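Let me begin by presenting the structure, written as structure tokens, before commenting on it.
The values are calculated or read from the model by the stated rules, or taken from the named source; none is laboratory data. As the structure is a computational prediction, the values presented were derived from the model and not from experiment. Every residue, glycine as well, gets a Cβ built from its backbone with ideal geometry; the counts of neighbours run over all protein chains shown. The area values use the complete protein model at the heavy-atom level, side chains included, leaving out ligands, DNA and RNA. Shrake-Rupley method; radii C 1.70, N 1.55, O 1.52, S 1.80 Å.
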Amino acid sequence: MPSQEYYQVVEAMQAQAASMIEGELSVEQQRAAMEEGFSFPLQDDISLTAADVNGVLGEWTVLPESDPNRRLLYVHGGGYVLGSIGTHRRLVADICRASGCVALNLGYRLAPEHPYPAAVDDAIAGLEYIWANGPVELGEASAVFVGGDSAGGGLMLATLLAARERGVRMPTGGIGLSPWADLAAGPEELSAFGLEDPTIPDNTVAITASQGWAAMYAGDADRRDPLLSPVFADYDGISPLLLQAGAVEMICRDTERVAARAREAGVEVVEEIWDDMFHVWQGFAPMLPEGQQAIDHIGDWIRSHS
């Protein structure tokens, strides 16, 4: 049974979604709406420092109890088109608090201005950087994790796969929150899922949006490319994975498919499918108990692998 706060969050999300689909919004309007609706206040003990991450914009998140050698590279969600360091500051900080790590929140380049493989290239630059650089000084990390939500979850998987292909040092582990891992899925496939998600007022509109973002990011590339759609990847040699998804969300099946393929390749996988939860509910931890519970699981997993 969901918490009482769950229904309050769902009601607020329904209102926001309704306002966004009243008319067709430009990419800039969609970005502004996400900045407004997905940003929570930070606690006073959180320190933020800008970083030049091998030419990519980044921001270090540090708490007083953070271990500077236990590091998280975080790549935000937003369909590869929306989202920013700012929209995900609180989520990143909450994960840092639960795990005792520092985090590098990466402002990777967005589509349509910068289609695939720009985001993967930027994430690889971030992975190389975070192994050798801490928030204060140079120094090799004792453990490095890559995390991301939604499109960022797919990008997390692509980063691990690209690191293997390019001979880049693999991270200690990967963390995917509702990862969007199949950009090749058509409307017919997507329409069978997410029908019970209370935060989606119109399944058709949600599918149209995801198809539009997929097209903007993929460009002319084959959407079955494993770095675009990691559900098709070979996971041999990939780092341990923690994957979380909500049982009622449209792309829950992406998590199930990735987990199955990774296990077939012998990868250690913790797969958590949360009853009743919607897409990236962890981002609402400041007001949703289930969000904080999921983040606590992430923190425990990071600590156990550090």
note = Lys and Arg at +1, Asp and Glu at -1: neighbours of Phe193 with Cβ under 10 Å from its Cβ sum to -4
Quarter of Cα convex hull surface for the stretch 179-249, i.e. mean projection, nm² = 5.5 nm²
query = For the pair Ala184 and Glu65, how long in nm is the line joining their label points, each one 7 Å along Cα→Cβ?
reply = 4.5 nm
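In whole Å and largest first, what semi-axes does the C-alpha gyration tensor of the stretch 159-306 yield when each eigenvalue is scaled by 5 and square-rooted?
24, 22, 12
Could you work out how much longer the chain between Glu36 and Glu140 gets when fully extended? Use 0.36 nm per residue separation minus the Cα distance between them, nm to one decimal.
33.8 nm
Evaluate 2.2 N^0.38 Å with N set to the residue count of the stretch 139-186, then give the Cα radius of gyration divided by it.
1.24
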request  = With a 1.4 Å probe and all protein chains in place, put Asp197, Asp222 in order of accessible area, largest first.
outcome  = Asp222, Asp197
request  = Using +1 at the Cβ of each Lys and Arg and -1 at the Cβ of each Asp and Glu in the chain, identify which of Val205, Leu242, Asn133 lies farthest towards the dipole's positive end.
outcome  = Asn133
request  = Considering only protein heavy atoms, with the full assembly of protein chains and a 1.4 angstrom probe, order Asp52, Asp202, Asp44 by accessible area, largest first.
outcome  = Asp44, Asp52, Asp202
inquiry  = Please state the shape class of the stretch 63-151: rounded when a/c is under 1.5, otherwise prolate if a/b exceeds b/c and oblate if not, all from the C-alpha gyration tensor.
reply    = oblate
message = Tell me the accessible surface of Arg70 in square angstrom (1.4 angstrom probe, heavy atoms of protein chains only), to the nearest ten.
response = 40 Å²
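Go ahead and estimate [θ] at 222 nm for the chain from helices alone: -39,500 (n - 2.57) per DSSP H run with n ≥ 4, summed, over the residue count, rounded to 500.
When only DSSP H runs of four or more count, the value is -12500 deg cm²/dmol.
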note = When all Cα-Cα pair distances of the chain are considered, the percent exceeding 38 Å is 5 percent
inquiry  = Using a 7 Å offset from the Cα along the Cα-to-Cβ direction at both Ala215 and Glu28, what is the distance between the two label points in nm, to one decimal?
reply    = 2.1 nm
request  = Treat each spin label as a single point 7 Å out from the Cα along the C-beta direction, and report the Glu5 to Glu165 distance in nm.
outcome  = 4.1 nm
inquiry  = Keeping all protein chains in place and using 1.4 angstrom, which order do Phe232, Phe193 fall into by accessible surface area, from largest down?
reply    = Phe193, Phe232
remark   = For His114, the accessible surface traced by a 1.4 Å probe with all protein chains present amounts, in square angstrom to the nearest 10, to 80 Å²
query = Which of Gly237, Gly152, Gly78 moves most in a GNM of the chain, Cα contacts under 10 Å?
reply = Gly237
ask   = What residues qualify as long-range amide H neighbours of Gly83, i.e. H under 5 Å apart, gap of 5 or more or another chain, H built at 1.01 Å from N?
value = none
